[in-house]
Amino acid sequence: MQNHWNLGRWLGIPVTMDWTVLLAFAWLFLMLGELLAALVGAVAFGCLLAAHEFGHVAMARWRRVPVYGINFNGLHGETARGHAARRGDEILVAWGGVLAQLLILVLALAASQALAFSTNSWVSRIAGPWLMVWTRWNVFLIIVALLPIGPMDGHAAWKVIPFLREKLRRRPQPKPASTGKVVELDAARRRALEAESAKAADEIINRLKKK
Ligand SMILES: [Zn+2]
């Protein structure tokens, strides 16, 4: 049995789909109990998967990381890509998918608000399952994607924490009075310190004289 189908090239990238994506339709049908709602939900799910992968693609193209292909399967997709030259770029590309999903979540929440008062039954029959997938399922998929394990995006994405910590630690420390600018800024303080040390020296000399 063929495991995946070719969906052609999208934005110049070869895209394939695993048969396991169809499980989403079965799951939606069991959950919603209605063919139309399951179909609408499945299309919304497909859009969500595509948005996630093209979030990676957008980030990869921005950071000049080569992308070789996309495969959609059951719970998530996979973007085959080259390695980024810099660790920061690798982390950015890993976040691309989830960022696209968050953008969709915001749009879906706004649409839910806008359609909340609609009394048209067709609007609710289409928008209901569509927005359910783009909100509740979306949040669930974001959590799955950000699991810090194995092939999940979280594995690379959460490296952002040690990466930033290292960056902060390596930030150049201000050098004491080694540049003209610092001396200029500190002139008043330096004069005060000079006066203070001169005073202290005078005191010591006076005490020695008295002995
Ligand atoms: Zn991803």
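The values are calculated or read from the model by the stated rules, or taken from the named source; none is laboratory data. Here the structure is a predicted model, which means the values were calculated and not measured. All Cβ positions, even for glycine, are placed from backbone atoms using ideal geometry, and neighbour counts span all protein chains on display.
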>> Step by step: first the residues of region 161-186, then only those that are surrounded by fewer than 10 Cβ atoms within 10 Å (Cβ to Cβ) and modelled with pLDDT of 75 or more, then the one that is nearest to A94 (Cα to Cα). Which residue is that?
In response: L168
> Got a number for residues in region 79-134 being under 20 Å from H52 (Cβ atoms) and assigned to a loop (DSSP other than H, G, I, E, B)?
Replying inline: 2
> Any chance region 87-102 includes a residue that's surrounded by fewer than 17 Cβ atoms within 10 Å (Cβ to Cβ), farther than 25 Å from I161 by Cβ and away from the ligand (no atom under 11 Å from the Cβ)?
Replying inline: no
>> If I ask for residues that are touching a helix residue (DSSP H, G or I) at 6+ places or on another chain (Cβ under 6 Å), free of Cβ contacts under 8 Å to residues at least 40 places away in the same chain and among the aromatic types (F, W, Y), which ones from region 22-49 would you list?
In response: F25, F29
> Considering region 103-118 alone, what residues qualify as being touching a Leu at 6+ places or on another chain (Cβ under 8 Å) and more than 16 Å from the ligand (Cβ to nearest atom)?
Replying inline: A108, A111, S112, L115
